[in-house]
Structure formats: structure tokens, C-alpha cells
């Protein structure tokens, strides 16, 4: 095995910016993390990236930059389609801008695609092919990795499972399974049963109520288990379409809601068979993500490592 190349990985989200230096084998060597203030817009994020990248320049220069962006991206050019969280990204030629700032090859992709790449190569999907990754957080995103590479399809090319409709009324996977949707279900239980276990665990919290489900489920709370089953059922129904169309060997559950852990994995696995045709039984294995909050930066390292190094500038 040859000497590992150093690569820069960048995660751009709605609330955080991470810039890591690591190897082409996904090992993070150094990390810079910044909070994002959506009110300051995309220009402030770009300025922070510019400053940090400037500090990275050294005689031992990194060989490429991979980026996971929180929104639709034209992965062929690195142009941002839009951000649903931060103003000032729509249409911005980020790949070209970052190459100009750094002098390095740059590749940009959607953050869920990048996380899928990480889990496929170095996380829960290792050894399986294809691998489908779904992230359950402030939104619901997905990524499909086939033969070690992200499957894009036509541009922009994200596996937007969160926008798959669950019925003809317009209910989507995101409207039922995103963190905010589960928060809403927990609030409804708290209002209906103010002296119940789930209400006591939530206390005075007014956001992020879903994080209290794990403790309630572990204590056998019936309303918490009902929310779990409903959420798993909706997610399994959506994933059945992925199975029928793409036949992944493994489905990886990531994002904040996956921290519920084994109860969520088992509930999704149990809800899948009735949704899947007999010829495809027993269906793919369902696994919990292993890389947690490092999935996107590690995936960005893997993404960047596939870029060839820039040739030396031509002599005038």
C-alpha cells in the first residue's frame, strides 16, 4: 500500500461548517469547526472557508478538496442549485470559486450523497453493494452508492427520498419522519398526557423533543413506542420503493433520529417485509450508521481522494 495522500474535506450545513484535513483513506488528522449563522448568509461562510484554506497552505500541500453541501448541487460543475437554510447560495459557482482560492482540484456533492459514500466505504455499509443511506435529521435525505461510487442519474442527482410521497394527499417522508415531524408527535403526546413518562422526560424543552424518545422507549413507554412504530412504518414504506427499484444489499440509517439505536433498526426491519414483493424477500439488511457526525467530512475526504492532482501550470 502506497503513502496516503492528504486531502481537505469540507462540510457545509445550515448550522455548522467543518473543514478537515485527512488522508485519502478517510482518516481525519485535523479539524476546524465553526457555527453557521444563517442570518449572515452564504458570503460569511465563504469568507470563513477562504480564511481557513489560506491557513492550510504549506510546502506539504494537500492534493484535492472534497465538499459535502447541504442542498441540491450540480455535481458535474460544483455549482450550487440552492440552500433551504442559508441565503446567497443559489446559482453560485462554488467549485470554480474554491479551486481559485486553493489552487487544488475540487469536487462538490450533496451532503447526503457524501455521507452515503463514507458509510459505504468506511462505515456500516463496508463490504456491501449497492448501499443505500438515509439520514433522518432536520430533513430526510438519501444517497445510493453502486460499485463504490455515488449514483447520480440526471443532474442535480440527489436521492431525495425525503420528498417521496407516502400518499396522493401530498404527505412526504420528510413530513412524517424528519426530526421536526417526530418532535411534533412528541409534543402531541405531551399535551394529551401531561403526566406521562414522555412528558416528564421532555420537561420544559420546546424543540428537539424527539431526542427523549430513546429513554422513553427503553423504559417501555407505550406512547413512545407508538411513535416509533408509526415512524418506522412510514420509513419502511418509502424504503420499499428503493428496494424495488435499486435492490440495495444494505440500507444504512443515519442522522439524529438514528441515535434511537437498535429499537429503530428493528422496527424498520420488521416493517419492511409486508411492503416488499415476495420475490425480493427477505430484503436488504438494515444497519445503523457508524460514523455519526463525521459521515460528511469523512465522505468528503473519500470524494476528494478520487480527484486527480492538478498538472503543473503550462509554460507561457
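Tabulated data
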{"read-out": "Efficiency of FRET from Cβ geometry, residue 48 and residue 84, R₀ 22 Å, rounded to 0.05", "value": "0.65"}
{"read-out": "Within the chain, percent of DSSP bridges classed antiparallel, to nearest 5", "value": "60"}
{"read-out": "Fraction of alpha-carbon pairs over 39 Å apart in the chain - percent", "value": "15"}
{"read-out": "Segment 126-290, relative contact order [Cα under 8 Å, separation at least 6], %", "value": "25"}
{"read-out": "Nearest-ten-degree value, helix 295-305 long axis tilted from longest Cα axis of the chain", "value": "30"}
{"read-out": "Helix 111-122 axis, angle to the chain major axis (alpha carbon atoms, nearest 10°)", "value": "90"}
{"read-out": "Cα centroid separation, segment 4-39 to segment 126-184 (Å)", "value": "23"}
{"read-out": "Net lengthening on full extension, residue 96/residue 180 (0.36 nm per residue, minus Cα-Cα)", "value": "26.8 nm"}
{"read-out": "Ranked by how many other beta carbons lie within 10 Å on average, peptides 185-196, 120-131 from highest", "value": "120-131, 185-196"}
{"read-out": "Within segment 1-99, percent of DSSP bridges classed antiparallel, to nearest 5", "value": "75"}
{"read-out": "Nearest-0.05 FRET efficiency for residue 219 and residue 275, computed from C-beta distance (R0 41 Å)", "value": "0.90"}
{"read-out": "Degrees between helix 262-271 axis and first principal axis of the chain (Cα, 0 to 90, nearest 10)", "value": "70"}
{"read-out": "Length gained when the stretch residue 245-residue 207 is fully extended (0.36 nm per residue, less Cα-Cα span)", "value": "10.1 nm"}
{"read-out": "Ranked 79, 31, criterion: other C-beta atoms within 10 Å, fewest first", "value": "31, 79"}
{"read-out": "Burial ordering of 83, 102, fewest other beta-carbon atoms within 10 Å first", "value": "102, 83"}
{"read-out": "Coordinate range along principal axes, alpha carbons of segment 174-305, Å, largest first", "value": "47, 40, 25"}
{"read-out": "Mean Cβ neighbour count within 10 Å, used as a protection proxy, ranking 9-20, 204-215, 162-173 highest first", "value": "9-20, 204-215, 162-173"}
{"read-out": "DSSP beta bridge pairing in segment 126-290, given as percent antiparallel to the nearest 5", "value": "50"}
{"read-out": "Mean separation of Cα contacts under 8 Å, 6 or more apart, over the residue count of the chain: relative contact order %", "value": "22"}
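The numbers here are math on the coordinates, done by the rules we state, and not lab data. Everything quoted here is computed from the prediction, not taken from an experiment. Here the Cβ is made from the backbone with ideal geometry for all residues, glycine too, and neighbour counts use every protein chain on show.
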